[in-house]
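The values are calculated or read from the model by the stated rules, or taken from the named source; none is laboratory data. Computed from a predicted model, the values in this text were never measured in an experiment. Cβ placement follows ideal geometry from the backbone for every residue including glycine, while neighbour counts extend to all protein chains displayed.
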Amino acid sequence: MSPSGPIQVSRSQGLSIRWPDGHVSSYGPQYLRDHCPCAACVSRPAPAAASPFVMLQPALKIAAAEPAGVYALHLEFSDGHNSGFYTFEHLRTICPCAECAARR
């Protein structure tokens, strides 16, 4: 499934995609990073407990976003991670809205 309109990218807010069925998905940078489909991320162990000093860490941002053919987006994050190709199918599957989360 490909988007039906332009994909909006904000370095600090993340991605917003309108799908052909009219559904709009919005993904924050940290959510996208946590759901990275690259081999290194898929095989990594679960992250350790969150630090109590989160407020001292810089907010994760999208450093760059480029199309990968007509089927995916290649994202680079402010933490230097840049090996994930987010297919549109993957993005639709991981939509964080309440409606989509309830269907999973």
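Of the residues contained in the range 75-82, none is found to be closer than 17 Å to S4 by Cβ, in contact (Cβ under 8 Å) with a residue 24 or more places away in the chain and under 13 Å from the mean Cα position of the chain (by Cα).
Within the range 26-43, being polar (S, T, N, Q) and under 17 Å from V9 (Cα atoms) holds for S26, Q30. For the range 69-95, the set of residues classified as of a type in the set (A, V, I, L, M) and at pLDDT below 95 consists of V70 only.
Taking the condition outside any loop (DSSP other than H, G, I, E, B) and modelled with pLDDT of 95 or more, does L60 pass? It is false that L60 is outside any loop (DSSP other than H, G, I, E, B) and modelled with pLDDT of 95 or more. Scanning the range 11-27 for residues that are hydroxyl-bearing (S, T, Y) and either free of Cβ contacts under 8 Å to residues at least 24 places away in the same chain or more than 17 Å from T87 (Cβ to Cβ) (or both) turns up S12, S16, S26.
Does the range 29-42 contain at least one residue that is over 20 Å from C97 (Cα atoms) and either at pLDDT 95 or above or in a loop (DSSP other than H, G, I, E, B) (or both)? The answer is yes, given that some residue of the range 29-42 is over 20 Å from C97 (Cα atoms) and either at pLDDT 95 or above or in a loop (DSSP other than H, G, I, E, B) (or both).
Of all residue pairs spaced 6 or more apart or on separate chains, those with beta-carbon atoms under 8 Å, a first member in the range 93-104 that is outside any helix (DSSP H, G or I) and a second member that is aliphatic (A, V, I, L, M) and surrounded by 10 or more Cβ atoms within 10 Å (Cβ to Cβ) are C95/A101.
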